[in-house]
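The values are calculated or read from the model by the stated rules, or taken from the named source; none is laboratory data. Here the structure is a predicted model, which is why all the values come from computation and not from measurement. Positions of Cβ are backbone-derived with ideal geometry, glycine not excepted, and every protein chain shown enters the neighbour counts.
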Amino acid sequence: MLLKDRYINPFTDFGFKKIFGSEVNKELLIAFLNTLLPAEAGIVSDLSFLRNEQVGRSEYDRRAIFDLYCENEKGEKFIVEMQRAKQNYFKDRSIFYATFPVQQQAQSGSWNFCLKAVYLVGILDFVFDEDKADNEVVHHEVKLVDRSTGAVFSDKLTFIYLELPKFTKTIDELVTDFDKWCFLLRHLPELTDRPASLQERVFLKVFELAEIAKYSSVEAAAYEESLKVYRDLKNVVDTAYDEGKAEGRAEGSQQKAREVAKSLKESGLDIETISRCTGLPVTVVEGL
């Protein structure tokens, strides 16, 4: 594959980790999170990266592998997930993932159950099926709410989803930092220069990290492989979901998911990633 783009695709595993997953450049993740969090969460001033693989309380419990897992200076936890292709139960997976940092706060002996806040951020390269009729809302903030009063029941668990395909502002319409981050995440591989409206230091740093021509041959090869996996994954999963939807049968969708998983497994993609993208259990993928 000949890499013609000037900048990397942030929806590749390589690109996402290059921009947001580096301790030395964690200011980028901090700046990004501060554009997403609700006002009552305050400002994140520092982050520490934590082990992204989580295991259950026993050998029989299912594990979870987060894209990024961080803790701020107040002890609050952040799970950041980049979802590259449609998944039937991504919301359910989000809830499952959030249980790990909640349970890990349990203390032995006497404990008053006071919890630190947990935030899960899902950066989506697709739109939830139930949201397709609404083209306006890009940023979703979900909390436990008392439906009788409309009041927030608890602020200790927050889910934030960005449906980036809905973000349609042009470069000349960018006003806020949130606008600029969304534009950059959606259009970085298409850019050939550094637009005048994206000259703040944090965005210039993104451009610097994302410029393919500056990579070593090893880095360029790693990105090329990551880009191939992203394209293959997105094409095969999107096609399967479209066909499954047209069939209108759960059985057909499951069969398509198995076909997708088998194809991805044959291409060399790891079992955990295949499971996450297709919604099939790890044991099913392993048996294909």
Practice task
Might you check whether a residue that is at pLDDT 90 or above, over 19 Å from A85 (Cβ atoms) and outside any helix (DSSP H, G or I) occurs anywhere in segment 224-239?
Solution key: no
Handout entry: From the options F113, F32, F78, residue that is among the aromatic types (F, W, Y), loosely packed, with under 11 Cβ neighbours inside 10 Å and either assigned to a loop (DSSP other than H, G, I, E, B) or touching a helix residue (DSSP H, G or I) at 6+ places or on another chain (Cβ under 8 Å) (or both)
Key = F113
Fill in the blank from the handout: V145: passes all of (1) more than 28 Å from K234 (Cα to Cα); (2) touching a residue at least 24 places away in the same chain (Cβ under 8 Å) but (2)
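Here is a yes/no grid of residues against (1) under 20 Å from the mean Cα position of the chain (by Cα); (2) at pLDDT below 95; (3) among the aliphatic types (A, V, I, L, M):
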| position | (1), (2), (3) |
| --- | --- |
| V127 | yes, yes, yes |
| K132 | yes, yes, no |
| V137 | yes, yes, yes |
| S148 | no, no, no |
| D155 | no, yes, no |
| T158 | yes, no, no |
| F167 | yes, no, no |
